[in-house]
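Here is the structure we will look at.
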Amino acid sequence: MNGKWSQLWLKYDSKKECGNAAFLQAVTICGFDENHAVVKNAIEELKMGAQGMLGVAPSISAGGCESDKNGLAIVKVAKQEENILEEGYSLEAKDGTLTLKACDEKGLLYGIFHVLRVVSMEKSLAEVNILCNPSNPLRMYNHWDNMDGSIERGYSGLSFFYENNEIIINERTKDYARLIASVGINGVVINNVNVKQAATYLIDKRYFQEVCRLATLFAGYGIKLFLSLNYAATIELGGLDSADPLEPKVIAWWQGKMKEVFETIPNLGGFLVKADSEGRPGPFTYGRTQADGANMLADIVKPYGGIIIWRCFVYNCTQDWRDYKTDRARAGYDNFIKMDGDYHENVILQIKNGPMDFQIREPISPLLGGLKKTNQMLEVQVAQEYTGHQIDVCYLIPMFKEILNFKTYCKETQDTVADVISGRTMGNKNAGIAAVINTGNDLNWTGNELAAANLYGFARLAYNTDLSAEEILDEWIPQSISTSSQVIEKIKRILLPSRVVYENYTSPLGIGWMVTPHEHYGCSVDGYEYSRWGTYHRADHLGIGVDRSENGTGYALQYHEPNASMYNHMETCPEELLLFFHHVPYTYVLKSNKTVIQHIYDSHFEGVEQVEEMIATWESLKGSIEDSVFESVKARFGRQLYNAKEWRDQVNSYFYRKSGIADEKNRPIY
Ligand code: GCW
């Protein structure tokens, strides 16, 4: 990398020609304004890609819409014409001409990136015939970058947005915009949801100029800039004594602030708010609801076209759950469901995929589709907070697919999570999907080179939820690592099962946590940070698991039927979530005919063996991929193996001592 950051999947290094050069020699543009920032950037990208990959310098001309020249014809169409929707495009190769149609500039941009992707994958443009419309209106990355340059849950260096409380805008910022636009991201939140230190609030005048520059740069790539907001800014920044959403002076302060903000930063998309959670202030302090807080802000930003994305990660981390009725898993639903329908049109509730917190296996949050009259956005975590810190390999797309495919039963048809968040279920347009993202200023962006598959994959899936986890790798590997089919097969062999491998050597059957408190890497069976009221997993000498059935916390009943009954009963509860929903004896027999305790032993031994196999597969790539990538991933694999063994030994010995039941296979348990 020679001291320069990687271009990831936009390397534009020399590629096999595959008959593609002819399509890129002459480009005609019809109906689009060539001076529009997005069009200009798209063309610049096309030139760069064509030159780098095929040594072709395209000639660009404004042409008639009926092009008779061979080459690439870019044509603007009316919305819905030929089923092309906003931010969508079609590509059709015929008789030496490749026609790209779109109804807006973003569609054009995505279409160009599609063309470059095909070239980069060494596939033939002559065979392209496709219509692509985005599955989700909003497709966002959320950065948890702090103004001092640190990143909350960041595992790839420091922030490339901030240093010493100042905003950084440089060549890398532009490359970042190009990278994320190339996979269809159209919104980005650039600061942590935990907004601390009033002196560094981005809504303060002192940052306006730079935020505006950033917003303009992103707009040139079809990306809206969003900011995280501190709900109590009226107090912290405004010097008021209240943040009560119904108090006139609070409303007046926000009105003044938003006017100032939107008038200086016209491209701003809106705000993301974490309120009443983990020490963050919120409307509960004033006896108001989450809807009161969200609607107040939403009404104020509405005239500027702004939206308020309000997080549902609202729970009381100090609650006493000894009574077996209080349950953190219940909190999101309990706090938000009552006001379904009360949230204003430009409010979107952003809901984490699970009711707890980004564990390796959790059920789907019952709020998704539980809410039937409220705009919803799904939040997933690409940053590997609980899934290996980008030291351990964990390809998350299979998990995201499961989440999206989950049937909520909120309606007769179109009731999957993918339907709900796309707007299909309710016919709404303020909806979509966001990921807490895994980037930092490491030269490879994501710490582990293989973690870039999640960065890429999340975005591609957000644009097209029908893509499979495997198809995404079939795109990402040839663009990022190698087009050799052997290399592609081997890396797929490593990545595709890696989520289940991680699950095998960490926490079993949906129980979650068992991880070092606060840091969230490495095993600590009793290590839940809020465990002052007893262990999280509720294991004793007889059994393990949290009873969330109607006899326990009642969480299972928050789902629509038939999901509620399915989870409520041990016999029908999917086994990978058994311990999330039920407390069972160690001797409970699973469908595999193994007892729960034997499953714990077996999966932990197996997990370590699987990591060893992954490493052997990686070793066999030596010489066929770039050395620096080979070595850096190899080093991380060494740490992953160590971690996996630690987990295996700690979990197995903990439960062996608790249960007194020996491993049937008599393997060493330390
Ligand atoms: O899981 C927790 C993380 C916090 C994070 C919080 C959230 C940004 O450990 O670091 O804070 O989730 O999602 O708000």
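The values are calculated or read from the model by the stated rules, or taken from the named source; none is laboratory data. Because the structure is a prediction, the values reported are computed rather than measured. Because the Cβ atoms are built from the backbone with ideal geometry, glycine has one as well, and the counts that use them run over all protein chains shown.
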Odd one out for K123, checked against (1) within 16 Å of the ligand (Cβ to nearest atom); (2) touching a residue at least 24 places away in the same chain (Cβ under 8 Å)
(1)
Can you name the residue in segment 152-168 that is within 12 Å of the ligand (Cβ to nearest atom) and touching a residue at least 60 places away in the same chain (Cβ under 8 Å) and, of all such residues, is surrounded by the fewest Cβ atoms within 10 Å (Cβ to Cβ)?
R153
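Yes/no matrix, rows are residues, columns are (1) closer than 24 Å to N20 by Cα; (2) at pLDDT below 95; (3) crowded, with 23+ Cβ neighbours inside 10 Å:
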{"position": "N70", "(1), (2), (3)": "yes, yes, no"}
{"position": "A93", "(1), (2), (3)": "yes, no, no"}
{"position": "Y141", "(1), (2), (3)": "no, no, yes"}
{"position": "S150", "(1), (2), (3)": "no, no, no"}
From the set of residues in segment 95-125 that are surrounded by 17 or more Cβ atoms within 10 Å (Cβ to Cβ) and among the small types (G, A, S), which is nearest to E379 (Cα to Cα)?
G107
Which residue, of Y456, Y521, Y463, is outside the structural domain of L116 (by TED's automatic domain parsing), within 16 Å of the ligand (Cβ to nearest atom) and at pLDDT 95 or above?
Y521
Given the condition under 14 Å from the mean Cα position of the chain (by Cα) and of a type in the set (D, E, K, R), answer yes or no: does some residue in segment 385-400 qualify?
yes
Could you check, for segment 317-339, whether at least one of its residues is polar (S, T, N, Q), buried (at least 21 other Cβ atoms within 10 Å of the Cβ) and within 16 Å of the ligand (Cβ to nearest atom)?
no
Report yes if some residue within segment 531-548 is among the acidic types (D, E), closer than 30 Å to K11 by Cα and at pLDDT 95 or above; otherwise report no.
no
How many of the residues in segment 248-282 are within 16 Å of the ligand (Cβ to nearest atom) and either of a type in the set (G, A, S) or closer than 12 Å to V193 by Cβ (or both)?
10
Restricting segment 603-629 to residues that are without any contact (Cβ under 8 Å) to a residue 12 or more places away in the chain and assigned to a helix (DSSP H, G or I), which is farthest from L450 (Cα to Cα)?
E609
From the list T572, T553, which residue is crowded, with 21+ Cβ neighbours inside 10 Å and under 31 Å from the mean Cα position of the chain (by Cα)?
T553
Given the options L396, L378, name the one that is without any contact (Cβ under 8 Å) to a residue 60 or more places away in the chain, closer than 30 Å to Q558 by Cβ and within 16 Å of the ligand (Cβ to nearest atom).
L378
Scanning segment 297-307 for residues that are within 17 Å of N267 (Cβ to Cβ) and among the hydrophobic types (A, V, I, L, M, F, W, C), which turns out farthest from the ligand (Cβ to nearest atom)?
V301
Does N230 satisfy being surrounded by fewer than 16 Cβ atoms within 10 Å (Cβ to Cβ) and over 17 Å from the mean Cα position of the chain (by Cα)?
no
When you check K634 against the structure, is it under 26 Å from the mean Cα position of the chain (by Cα), surrounded by fewer than 21 Cβ atoms within 10 Å (Cβ to Cβ) and not assigned by TED's automatic domain parsing to the domain that holds N448, yes or no?
yes
Could you check, for segment 105-116, whether at least one of its residues is within 16 Å of the ligand (Cβ to nearest atom) and either among the small types (G, A, S) or not assigned by TED's automatic domain parsing to the domain that holds L225 (or both)?
no
I'd like to check which helices (runs of 4 or more DSSP H) are fully inside segment 214-307 and have at least 2 residues that are touching a strand residue (DSSP E or B) at 6+ places or on another chain (Cβ under 6 Å).
290-301
